[in-house]
1. Please state the Cα pair-distance histogram of the stretch 120-263 with 5 angstrom bins from zero: what percent is in each bin?
2. If you rank D260, D203 by fewest surrounding Cβ atoms within 10 Å, what's the result?
3. So for the pair E48, D154, with labels modelled 7 Å out along Cα→Cβ, what separation do we get in nm?
4. Sorted from largest down, what three extents in whole angstroms do the Cα atoms of the stretch 119-162 have along their principal axes?
5. What FRET efficiency, computed as 1/(1 + (r/R0)^6) with R0 = 45 Å and r the Cβ-Cβ distance, is obtained for S323 and A78, rounded to the nearest 0.05?
6. Using a Gaussian network model of the chain whose springs link C-alpha atoms within less than 10 Å, name the residue from P234, P147, P335 with the highest mean-square fluctuation.
7. What is the gain in length, in nm to one decimal, between R343 and Q128 on full extension, counting 0.36 nm per residue of separation less the C-alpha to C-alpha distance?
8. Residues in the stretch 39-60, backbone N under 20 Å from the label point at Q290 (7 Å along the Cα-to-beta-carbon vector): list them, ranges by number please.
Amino acid sequence: MPGRTILETALNPPEPLGPDLLSHWLLDPDIAFLNHGCFGATPRTVLEVQIAWRRRIERRPVEVLDRRRDALLAEAKAAVGEFIGAAAVDFGFVTNATGGVNAVLRSLRLDAGDELVMTDHVYNACRQTIRFIERESGAKAIEAEVPLPVEGPDEIVACIAGALSDRTRLVLVDHIASSTAVIFPVRQIIDLCGDRGIDVLIDGAHAPGMVELDVAGLGAAYYTGNLHKWVCAPKGAAFLWVRPDRQAGIHPNTISHFLDEGLSSEFNWQGTRDITAWLCVPDSIDFMRQFGWNNVRRHNHAMAVWAQSMLSRRWAVPASTPSDGSMLGSMATLPLPAGVRHRFADPDTFQSRLYDQHRIEVPIIEFKERWWVRVSCQVYNEPGQYERLGEAVMELST
Ligand SMILES: Cc1ncc(COP(=O)(O)O)c(C=O)c1O
């Protein structure tokens, strides 16, 4: 892929990074699994490491979970910190990005009339969290509309700028939006808000492993990201980074023994729980590193750009982001041909038909009164799987 022109990337799928990569995962080879983005998928060898950790814990529960916990987590955090561009003391492990968003929003002390800004591309669980905070605190939720198809980063920045006021306390913005797959211009948004003294919480649920990260360098007040999606760690691995000047005010969703003893201590102990997913993150980073992390990101991105272009031509629908791929990572969301909507009662029925009849696992999304499909691209995916989707949708829509 290095050296390929934008046109070549759009017209040709990338070369695989190795033979039979799917065999490294437990995924069912009979299914075209185009939904890595939903819950990720963990390589067999990493799951074996997790089993080994569980055995160690069961053999010596108190030694591992109590006496050695902080040292073991410090080791895991050192590797994660290097990968995400953050000092280990400035982030804590959480179970998922939803938990990271909740920890921040539920720690804030808001007054009635304060405003919390998000966009309409926000992940619905996080929208619900903001709605809950609105209900509890009297703060007001503002949802900025961002179009789809989206023309470019400046359009998004302008939409957010238009939603800010002197009552805005926090802007929640996705790094990579869940349903629309759009990469948001987070640095520009952080700068815009910083100029007005407004804190930004970045929901980077999809970002680690999909795009190169320099979390501390971005300068947001808060950044949460999943490690069980594109880093392929076991489920239940995510982090919440907090800028040092905001750390004293942020607490995990479960308050426990180490309240006010510092971010690391508080997040390292959130009550008795299974910490093995966290301990396995360095192994998942290393597993993907065997292909070269830059190669992984380049391959997955090239597949997404090609899939967007191929499917939009096949279905005669517009691409939802610029065709040069500049606003895509490893996923692409496309509008479905109008015929689908005429033939199916709801998106779930259509999704089930794709799965049951065509063995394709892919999310169908209703957004802005249209039906969309989001394809994910991971190293185990092959171009033929997207072509299969292209044909299946044509067959079901006519
Ligand atoms: C932007 C965004 N935020 C939050 C989440 C939730 O992730 P989790 O279920 O791991 O908390 C997702 C999941 O797809 C997402 O895309």
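Every number here is computed from the coordinates shown, using simple stated rules; none is lab data. This is a predicted model, so every value here is computed, not measured. FYI the Cβ positions are ideal-geometry reconstructions off the backbone, even for glycines, and counts take in every protein chain you see.
1. 2, 9, 17, 22, 22, 17, 8, 3, 1, 0
2. On the way: D260 9, D203 30.
Lowest count first: D260, D203.
3. Going from the E48 label point to the D154 one covers 5.3 nm.
4. Reported extents, whole Å, longest axis first: 36, 20, 10.
5. Values: r = 40 Å, r/R0 = 0.90.
Here the calculated transfer efficiency is 0.65.
6. Sorting by GNM fluctuation, first place goes to P147.
7. Numbers: separation 215, 0.36 × 215 = 77.40 nm, distance 3.13 nm.
Extra length from R343 to Q128 when fully extended: 74.3 nm.
8. 40-53
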